[in-house]
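Chemist: Pasting in a structure now, in structure tokens, and then I'll have a few things to ask.
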Amino acid sequence: MPKNTICVWYDKEAEAAAHFYAKTFPDSAVGAIHRAPSDFPSGKQGDVLVVEFTVAGIPCIGLNGGSAFKQSEAFSFQIATDDQQETDRYWNAIVGNGGEESACGWCKDKWGVSWQITPRTLTEAMAAGGDEAKRAFDAMMDMKKIDVAAIDAARRGKSHRL
């Protein structure tokens with residue numbers, strides 16, 4: 001087991017979430033599935049308790065801890081994308097599988113886990129600083145899913161409207 005692992009709390013569907021992530025993102029997989037050795041507050045002996053999985057190379061465990069705690073935007077996975085096609089693919093997979101859109105490249109999967117689908121051009125614009133970062137940031141503020149062409153146009157000081 002890695003020294004540091006992200007633990008994501010689920011009500012009862014950690015295994016389904018792990019399989020969805022493994023199917024959706026490269027360098028992702030489902031590992032061991034551990035069942036409860038006895039009854040626990042939100043389940044019975046033999047229920048799936050912990051699922052080991054990897055999301056885009058990051059080791060995680062999903063804990064079926066019950067309904068006591070809910071997901072929030074205070075935790076999110078950020079997925080860097082290279083182009084609009086990749087951005088669309090991940091966004092549509094998450095939102096189209098019972099998830100929901102949010103603002104500025106954020107969305108939630110059907111289990112309530114937040115995702116930032118972030119094109120590299122946006123990250124590069126922020127790193128450039130100055131007017132370029134401001135233009136890209138201002139363009140992003142009006143978006144749900146990030147429009148790569150619009151961010152690129154903003155970086156150049158141009159307006160891009162579809």
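The values are calculated or read from the model by the stated rules, or taken from the named source; none is laboratory data. Remember, it's a predicted structure, so these values are computed and weren't measured experimentally. Quick reminder, even Gly has a Cβ in these numbers, built from the backbone with ideal geometry, and neighbours come from all protein chains shown. With ligands, DNA and RNA removed, areas are computed over all heavy atoms of the protein, side chains included. Shrake-Rupley method; radii C 1.70, N 1.55, O 1.52, S 1.80 Å.
Chemist: For the chain, what does -39500 (n - 2.57) per DSSP helix run (n ≥ 4), summed and divided by total residues, give at 222 nm, in deg cm²/dmol to the nearest 500? Can you show the working numbers first?
Modeler: Numbers: 5 runs with 53 residues, N = 162.
Rounded to the nearest 500, it is -10000 deg cm²/dmol.
Chemist: So how much slack lies between residue 72 and residue 12, counting 0.36 nm per residue of separation and subtracting their Cα-Cα distance, in nm? Don't jump to the answer; show the numbers that get you there.
Modeler: Numbers: separation 60, 0.36 × 60 = 21.60 nm, distance 1.69 nm.
Once the chain is fully extended between residue 72 and residue 12, it gains 19.9 nm.
Chemist: On the first, second and third principal axes, largest extent first, how far apart are the outermost C-alpha atoms of the chain in Å?
Modeler: Each principal axis gives a Cα extent; for the chain these are 61, 27, 25 Å.
Chemist: Same structure again: With a 10 Å radius around each residue's Cβ, average the other Cβ atoms per peptide and rank 133-145, 39-51, highest first.
Modeler: On the way: 133-145: 16.2, 39-51: 14.6.
Highest to lowest by the protection proxy: 133-145, 39-51.
Chemist: Taking only protein heavy atoms and a 1.4 Å probe, what accessible area per residue, in Å², does the chain have with all protein chains in place? Please report the intermediate quantities before stating the final value.
Modeler: Working: 9020 Å² over 162 residues.
Ligands and nucleic acids excluded, the figure is 56 Å² per residue.
Chemist: Quick check: the angle from helix 84-96's long axis to the longest principal axis of the chain, C-alpha only, nearest 10 degrees?
Modeler: Here the helix axis deviates by roughly 40 degrees.
Chemist: On the protein heavy atoms, probe 1.4 angstrom, tell me the percent of accessible surface of the chain carried by carbon and sulfur. Intermediate values should be presented prior to the final figure.
Modeler: Values: 4620 of 9020 Å².
The nonpolar share, carbon plus sulfur, comes to 51 percent.
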